Amino acid sequence: IILVGGPALTPAEFAKHKLKKFRLGLGVRVRVPIGQYDPEKALNIGLNRWAFKLALGPAYQAKKMLFELKFAAWFFTTNNDFYGGNTIDQRPILSLQFHWSYVFKPGLWLAVSFDLYGMGELSINGEEYKNAIENTRAGLALAIPLVKQHALKIAFNAGTSARFGANFNTLAIAYQFMW
(Lines give C-alpha, C1' and ligand atoms only; values in the text may rest on other atoms or scores of the structure.)
Protein backbone atom coordinates (compact mmCIF):
# COMPACT_ATOMS: atom_id res chain seq x y z
CA ILE A 1 0.00 0.00 0.00
CA ILE A 2 1.48 3.37 -0.97
CA LEU A 3 0.79 5.75 1.89
CA VAL A 4 2.66 8.77 0.48
CA GLY A 5 3.82 9.44 -3.05
CA GLY A 6 1.17 8.74 -5.60
CA PRO A 7 -2.26 7.45 -6.50
CA ALA A 8 -3.18 4.03 -7.82
CA LEU A 9 -2.49 3.90 -11.56
CA THR A 10 -3.07 1.61 -14.51
CA PRO A 11 0.10 0.32 -16.24
CA ALA A 12 -0.38 2.87 -19.06
CA GLU A 13 -0.83 5.73 -16.57
CA PHE A 14 2.18 4.51 -14.55
CA ALA A 15 4.42 4.58 -17.65
CA LYS A 16 3.61 8.28 -18.19
CA HIS A 17 3.44 9.28 -14.52
CA LYS A 18 6.17 11.47 -13.08
CA LEU A 19 7.24 9.82 -9.84
CA LYS A 20 7.33 11.86 -6.67
CA LYS A 21 10.76 12.20 -5.08
CA PHE A 22 9.58 10.71 -1.77
CA ARG A 23 7.37 7.67 -1.37
CA LEU A 24 6.33 5.66 1.66
CA GLY A 25 4.82 2.20 1.48
CA LEU A 26 3.33 -0.26 3.96
CA GLY A 27 3.26 -4.01 3.50
CA VAL A 28 1.35 -6.73 5.32
CA ARG A 29 1.89 -10.45 4.74
CA VAL A 30 0.11 -13.38 6.38
CA ARG A 31 1.26 -17.00 6.36
CA VAL A 32 -1.55 -19.40 7.08
CA PRO A 33 -0.73 -22.69 8.86
CA ILE A 34 -1.46 -24.95 5.91
CA GLY A 35 0.61 -27.72 4.42
CA GLN A 36 1.45 -31.16 5.70
CA TYR A 37 2.16 -31.14 9.44
CA ASP A 38 2.93 -34.20 11.57
CA PRO A 39 3.77 -33.52 15.26
CA GLU A 40 5.71 -36.81 15.34
CA LYS A 41 8.29 -35.49 12.85
CA ALA A 42 10.87 -32.78 13.56
CA LEU A 43 10.84 -31.53 9.93
CA ASN A 44 7.55 -30.65 8.26
CA ILE A 45 6.30 -28.87 5.17
CA GLY A 46 3.79 -26.96 7.30
CA LEU A 47 4.61 -25.09 10.51
CA ASN A 48 1.32 -25.41 12.46
CA ARG A 49 1.38 -21.69 13.35
CA TRP A 50 0.40 -18.35 11.89
CA ALA A 51 3.00 -15.76 10.88
CA PHE A 52 2.47 -12.05 10.18
CA LYS A 53 4.91 -9.64 8.56
CA LEU A 54 4.59 -5.88 8.82
CA ALA A 55 6.89 -3.68 6.73
CA LEU A 56 7.37 0.04 6.25
CA GLY A 57 9.45 1.30 3.35
CA PRO A 58 10.46 4.85 2.52
CA ALA A 59 12.03 5.59 -0.88
CA TYR A 60 13.68 8.71 -2.28
CA GLN A 61 14.42 9.40 -5.95
CA ALA A 62 17.29 11.72 -6.90
CA LYS A 63 17.54 12.02 -10.70
CA LYS A 64 18.67 8.58 -11.94
CA MET A 65 19.24 7.15 -8.45
CA LEU A 66 16.72 5.55 -6.13
CA PHE A 67 17.37 4.99 -2.41
CA GLU A 68 15.06 2.60 -0.55
CA LEU A 69 14.85 1.37 3.03
CA LYS A 70 12.60 -1.30 4.44
CA PHE A 71 11.95 -1.92 8.12
CA ALA A 72 10.12 -5.19 8.76
CA ALA A 73 9.12 -7.55 11.55
CA TRP A 74 7.79 -11.11 11.45
CA PHE A 75 5.48 -12.13 14.32
CA PHE A 76 4.62 -15.77 15.06
CA THR A 77 1.89 -17.53 17.02
CA THR A 78 2.68 -20.45 19.32
CA ASN A 79 2.79 -24.02 18.01
CA ASN A 80 1.26 -26.06 20.87
CA ASP A 81 1.73 -29.38 19.05
CA PHE A 82 5.43 -29.27 18.17
CA TYR A 83 7.52 -32.44 17.76
CA GLY A 84 6.72 -34.93 20.52
CA GLY A 85 3.88 -32.87 22.02
CA ASN A 86 6.05 -29.88 22.92
CA THR A 87 5.25 -26.16 22.67
CA ILE A 88 7.45 -23.88 20.59
CA ASP A 89 7.46 -20.08 20.64
CA GLN A 90 9.46 -17.65 18.56
CA ARG A 91 10.15 -13.99 19.23
CA PRO A 92 9.79 -11.55 16.32
CA ILE A 93 12.41 -11.50 13.58
CA LEU A 94 13.42 -7.93 12.72
CA SER A 95 14.99 -6.84 9.46
CA LEU A 96 16.43 -3.74 7.85
CA GLN A 97 17.08 -3.58 4.12
CA PHE A 98 18.81 -0.91 2.05
CA HIS A 99 18.66 -0.74 -1.74
CA TRP A 100 20.40 1.66 -4.10
CA SER A 101 19.53 1.66 -7.80
CA TYR A 102 20.88 3.60 -10.75
CA VAL A 103 18.97 3.82 -14.03
CA PHE A 104 21.31 4.34 -16.99
CA LYS A 105 18.37 4.48 -19.42
CA PRO A 106 14.89 2.92 -19.41
CA GLY A 107 15.30 -0.81 -18.87
CA LEU A 108 19.05 -0.67 -18.11
CA TRP A 109 19.70 -0.40 -14.40
CA LEU A 110 22.06 -1.53 -11.65
CA ALA A 111 21.10 -2.16 -8.02
CA VAL A 112 23.05 -2.82 -4.83
CA SER A 113 21.36 -4.20 -1.72
CA PHE A 114 22.26 -4.86 1.90
CA ASP A 115 20.06 -6.74 4.40
CA LEU A 116 20.37 -7.20 8.15
CA TYR A 117 18.22 -9.74 10.04
CA GLY A 118 18.13 -10.21 13.79
CA MET A 119 16.35 -11.59 16.84
CA GLY A 120 13.83 -14.44 16.43
CA GLU A 121 14.93 -16.52 19.44
CA LEU A 122 13.11 -19.81 19.95
CA SER A 123 11.89 -21.33 23.18
CA ILE A 124 10.61 -24.86 23.66
CA ASN A 125 8.29 -25.49 26.61
CA GLY A 126 9.33 -22.10 28.00
CA GLU A 127 13.07 -22.86 27.93
CA GLU A 128 14.91 -20.22 25.90
CA TYR A 129 17.79 -21.04 23.62
CA LYS A 130 20.66 -18.75 22.62
CA ASN A 131 19.80 -18.95 18.96
CA ALA A 132 19.17 -15.35 17.93
CA ILE A 133 19.42 -14.74 14.20
CA GLU A 134 22.13 -12.21 13.32
CA ASN A 135 22.59 -12.48 9.59
CA THR A 136 23.66 -10.00 6.93
CA ARG A 137 23.43 -10.33 3.17
CA ALA A 138 24.60 -8.25 0.21
CA GLY A 139 23.39 -8.32 -3.36
CA LEU A 140 23.99 -6.93 -6.81
CA ALA A 141 21.54 -6.93 -9.75
CA LEU A 142 21.78 -5.76 -13.35
CA ALA A 143 18.90 -5.48 -15.83
CA ILE A 144 19.74 -5.34 -19.54
CA PRO A 145 17.09 -4.52 -22.15
CA LEU A 146 17.15 -6.85 -25.16
CA VAL A 147 14.40 -5.60 -27.46
CA LYS A 148 11.16 -3.75 -26.77
CA GLN A 149 9.40 -5.33 -23.75
CA HIS A 150 12.13 -7.99 -23.26
CA ALA A 151 14.98 -7.87 -20.75
CA LEU A 152 17.59 -10.03 -19.07
CA LYS A 153 18.21 -9.70 -15.35
CA ILE A 154 21.30 -11.05 -13.59
CA ALA A 155 21.44 -11.03 -9.79
CA PHE A 156 23.93 -12.28 -7.21
CA ASN A 157 23.21 -12.42 -3.49
CA ALA A 158 25.67 -13.52 -0.81
CA GLY A 159 25.61 -14.06 2.91
CA THR A 160 28.20 -11.78 4.47
CA SER A 161 27.76 -13.12 8.00
CA ALA A 162 25.53 -15.66 9.69
CA ARG A 163 25.57 -16.24 13.45
CA PHE A 164 22.55 -18.55 13.36
CA GLY A 165 20.43 -19.74 10.47
CA ALA A 166 21.08 -20.28 6.80
CA ASN A 167 24.10 -18.77 5.03
CA PHE A 168 24.06 -19.24 1.26
CA ASN A 169 24.87 -17.57 -2.04
CA THR A 170 22.51 -17.32 -4.99
CA LEU A 171 22.98 -16.49 -8.65
CA ALA A 172 19.87 -15.82 -10.71
CA ILE A 173 19.46 -15.19 -14.40
CA ALA A 174 15.95 -14.24 -15.46
CA TYR A 175 14.27 -13.42 -18.73
CA GLN A 176 11.61 -10.73 -18.34
CA PHE A 177 8.74 -9.97 -20.68
CA MET A 178 6.57 -6.93 -19.99
CA TRP A 179 3.18 -6.44 -21.64
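The values are calculated or read from the model by the stated rules, or taken from the named source; none is laboratory data. As the structure is a prediction and not an experimental result, all values here were calculated from the model. Every residue, glycine as well, gets a Cβ built from its backbone with ideal geometry; the counts of neighbours run over all protein chains shown. With ligands, DNA and RNA removed, areas are computed over all heavy atoms of the protein, side chains included. Shrake-Rupley method; radii C 1.70, N 1.55, O 1.52, S 1.80 Å.
Only a single criterion out of (1) open to solvent by 100 Å² or more (accessible area, probe 1.4 Å); (2) assigned to a strand (DSSP E or B) is not satisfied by LYS41, namely (2). Taking the criterion of being surrounded by 14 or more Cβ atoms within 10 Å (Cβ to Cβ) and either in contact with a Pro (Cβ under 9 Å, 6 or more places away or on another chain) or of a type in the set (Asp, Glu) (or both), the residues of segment 70-86 that qualify are LYS70, ALA73, TRP74, PHE76, THR77, ASN79, ASP81, PHE82, TYR83. For segment 25-32, indicate whether the set of residues that are under 23 Å from PRO92 (Cα atoms) and surrounded by 14 or more Cβ atoms within 10 Å (Cβ to Cβ) is non-empty. The answer is yes; a qualifying residue exists. The strands (runs of 3 or more DSSP E) located wholly in segment 108-171 that include 1 or more residues which are touching a Ser or Thr at 6+ places or on another chain (Cβ under 6 Å) and under 23 Å from ALA55 (Cβ atoms) occupy 108-119, 133-147, 150-162. Residues that are assigned to a strand (DSSP E or B), among the aromatic types (Phe, Trp, Tyr) and without any contact (Cβ under 8 Å) to a residue 40 or more places away in the chain: does segment 5-20 have at least one? Checking segment 5-20: not a single residue is assigned to a strand (DSSP E or B), among the aromatic types (Phe, Trp, Tyr) and without any contact (Cβ under 8 Å) to a residue 40 or more places away in the chain.
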